[in-house]
1. Can you find a residue that is touching a residue at least 24 places away in the same chain (Cβ under 8 Å) and of a type in the set (Lys, Arg) anywhere in the range 296-312?
2. Could you tell me whether any residue of the range 36-50 is farther than 19 Å from Lys183 by Cα and not acidic (Asp, Glu)?
3. Please count how many residues of the range 19-31 are among the polar types (S, T, N, Q) and crowded, with 21+ Cβ neighbours inside 10 Å.
4. Scan (1) assigned to a strand (DSSP E or B); (2) more than 22 Å from Ser220 (Cα to Cα) for the single condition Tyr287 breaks and write down its number.
5. Would you mind stating whether Leu101 is closer than 16 Å to Phe17 by Cα and assigned to a helix (DSSP H, G or I)?
6. Only one of Lys342, Lys324, Lys359 is assigned by TED's automatic domain parsing to the domain that holds Asp225 and under 23 Å from the mean Cα position of the chain (by Cα); which?
7. In the range 48-88, which residues are closer than 16 Å to Gly20 by Cβ, in contact with a helix residue (DSSP H, G or I) (Cβ under 7 Å, 6 or more places away or on another chain) and hydroxyl-bearing (Ser, Thr, Tyr)?
8. Within the range 108-155, can you find the residues that are touching a helix residue (DSSP H, G or I) at 6+ places or on another chain (Cβ under 6 Å) and either crowded, with 18+ Cβ neighbours inside 10 Å or assigned to a helix (DSSP H, G or I) (or both)?
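The values are calculated or read from the model by the stated rules, or taken from the named source; none is laboratory data. All values derive from a computational prediction rather than experimental measurement. With ideal geometry, Cβ positions are generated from the backbone for all residues, glycine too; neighbour counts draw on all protein chains shown.
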Amino acid sequence: MNKISLILQDGTTYEGFSFGSKKDVIGEVVFNTSMTGYQEMLTDPSYRGQILIPTYPMIGNYGISEIDIESDEIQVSGFVVRQYCEMPSHNNSLMNIHEYLLRNNVPGIYGLDTRSIVKKIRNYGVMMGSISFENNTNKVIDKLNSIKAYEEHNFVSEVSSKKVHSTNKRNKYKVALLDLGVKKNIIRLLESRNCEVNIFPYNTEFEKIISSSPDGIVLSPGPGDPNNLLDILENVRKLIDSNIPILGICLGHQLIAKSLGASTFKLPYGHRGGNQPVKDISTNKVYVTAQNHGYAVSDEKIPDQLEITHLNLNDGTISGLCHKTLPVFSIQYHSEASPGPKDSEYIFDQFIEKIISRKKKNEK
């Protein structure tokens, strides 16, 4: 067994053993509280540039399958687990998690007290860290202190589609999806609701998106700080003013808010897991949601044209917004789950209802 360390920017060091690729990496160290869904987490583009720690102690017991991927590659920079399963048991399993990390050239470390690391992050906030074979801890810390902070990187440019492409063109409704780091399940759920999905790179000009004649527009989730995407806010504003139904999810939600004058801020340790309670203010219903974000919309400067629709019951942060006069709404959580509960898939039904309503008005 090859010894390796997780070294945090403040100098805290945790020793463990290597699995997956044998290389040093740097990333923002974050945790997820879901008990299952490690493959969906690993392939979620919103984790780009981050070292991920699942709080659940045993990872990999049902292996790796084709049906559980959310993008075409592992997106995390590194993976930190208490224990991993070398011999998974599931009829869909193609390989174990060590082999999967190896194929994607992503390092992992196991044998650490992951819950103590999670408690530290919870108490002191997320910080940069390194999975490293380097014995000189000070050398690693110097490197961590000299590199750009996580929030200074535009990770969306790394995970967004590079060209426009489309899904099933025989479907009834045309949806333009601005790809900030979309998960496959969002596309699947739209297709299951009779949508043809035209996927656009994140920085596509307004005119090109509108030229596809969409019935609705989706701004997808994605990684990083929305302040790195200020150059596309004008496009988002134009999309909002087009009067076409728009759904913003996670980062898409933040960009809708920012484009109309709201501000965002970084959470101490983010919301990552499948057990986040969210209250729908209009109905007083509470939904258990899947979330994966490190930033939120501030409630100190909500534009007059926006209304708060949902709140996170753990910390009171904004979890949903809607436009008061236009068919535009957004959620901070992941209605597509993957992993997580499916309580919020109805959001896609609401989006389709807005599309149908607008089409009926235009036919009159």
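1. yes
2. No, the range 36-50 contains no residue that is farther than 19 Å from Lys183 by Cα and not acidic (Asp, Glu).
3. 0
4. Of (1) assigned to a strand (DSSP E or B); (2) more than 22 Å from Ser220 (Cα to Cα), only one is false for Tyr287: (2).
5. Values: closer than 16 Å to Phe17 by Cα: yes; assigned to a helix (DSSP H, G or I): yes.
Yes.
6. Lys342 is the lone residue from the list that is assigned by TED's automatic domain parsing to the domain that holds Asp225 and under 23 Å from the mean Cα position of the chain (by Cα).
7. Tyr84
8. Taking the range 108-155 as the starting set, the residues that turn out to be touching a helix residue (DSSP H, G or I) at 6+ places or on another chain (Cβ under 6 Å) are 108, 128, 130, 132, 134, 154.
Result: Gly108, Met128, Ser130, Ser132.
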